[in-house]
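Just below is one structure, and these are the notes that go with it.
FYI, it's all coordinate maths here, none of it is from the lab. As the structure is a prediction and not an experimental result, all values here were calculated from the model. Using ideal geometry, Cβ is built from the backbone for each residue, glycine included, and neighbour counts are taken over all protein chains shown.
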Amino acid sequence: MRRVVTVFSLVLGLALVGAASAAAATIQVVAPWGNEVYTDTDTITLTYSIDAGKKVPQEAVNAVEDAISAWQAFLAANEGSGDFVVTAAAPGAKADVPITIRNGGGRILGQTKFTLDRQGFIKAAPVSISGSSFGLANDPDTVTYIAEHELGHALVGLGHSDDSGDLMFPTIGDTNPGIGACEAAGFDLLYSPWLTDGNSSTTPTLPGATSASC
């Protein structure tokens, strides 16, 4: 039987004009990770890899690693009685979240491409991050900002927020707001209670809504 999968992508760009924060913010969700990476001990284990072009400076790689660390800390604080593990893939092994850092870039700063299994859970989420914009190198703080946004898509399954002051807003601002209340609300919608309850009898479940208030 032919297996049916769904593939689509989300992109992060540069804002040309400022946007006001929404009065009542919401964050979209895509899907949770599930069958491919879940074990009956209420554990999700995701692997990542980082592939940087020859002209990409080490500072950009370090900035992406800082973003990974930020999400690892968030997941450890929000996993409840379950376990949500993000770890580097073994050398030569295929990663669930392969991260590519490109040297060049235009208005698109980052992109995450989702592949969903036939039940609707994420099965792969490659990430592309730009090390420069319009020919100018992005500083490490900007690369971390881009990477934190893209990893919100790839590691958690978040969509975009409609609050311009939020990490998951579809264009970046002047400063990185970090992982906050909207990201937590999206995480809860995707993974609570089937992961966070620590009960192995509650298996991966798709959310009953496509967005969460935050």
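Got a sec to turn the phi values of the stretch 39-53 into Karplus ³J(HN,Hα) couplings, 6.51 cos²θ - 1.76 cosθ + 1.60 with θ = phi - 60°, whole Hz, x for Gly and Pro?
Using θ = phi - 60°, the values come out as 10, 6, 9, 6, 10, 10, 10, 10, 10, 10, 9, 10, 10, 10, x Hz.
Round to the nearest 0.05 the FRET efficiency obtained for Ala88 and Asp174 when R0 = 35 Å and r is the Cβ-Cβ distance.
With R0 = 35 Å, the Cβ-Cβ based efficiency is 0.65.
Between Thr100 and residues 5 or more places away or on another chain, which pairs have amide H atoms under 5 Å apart, with H built 1.01 Å from N, and which residues are they?
Asp51, Val127, Ser128, Ile129
Could I have the simple spin-label model distance between Thr41 and Gln58, label points 7 Å from Cα toward Cβ, reported in nm to one decimal?
According to this spin-label approximation, the distance is 3.5 nm.
What number, rounded to the nearest 500 deg cm²/dmol, is the helix-based mean residue ellipticity at 222 nm of the chain, given -39500 (n - 2.57) per DSSP H run of at least four residues and division by all its residues?
-6500 deg cm²/dmol
Pairs of Cα atoms under 8 Å, at least six residues apart: use those to get the relative contact order of the chain, whole percent.
Result for the chain is 33 percent.
Taking 0.36 nm per intervening residue step and subtracting the Cα-Cα distance, what contour gain separates Asp66 from Thr203 on full extension?
Answer, rounded to one decimal: 46.2 nm.
Which order do the peptides 60-68, 192-200 come out in when sorted by mean C-beta neighbours inside 10 angstrom, highest first?
So the peptides 60-68, 192-200, ranked by packing, come out 60-68, 192-200.
Using a/c under 1.5 as the rounded threshold, could you call the stretch 6-213 rounded, prolate or oblate? The axes a ≥ b ≥ c are square roots of the C-alpha gyration tensor eigenvalues, and prolate needs a/b larger than b/c, oblate otherwise.
Oblate.
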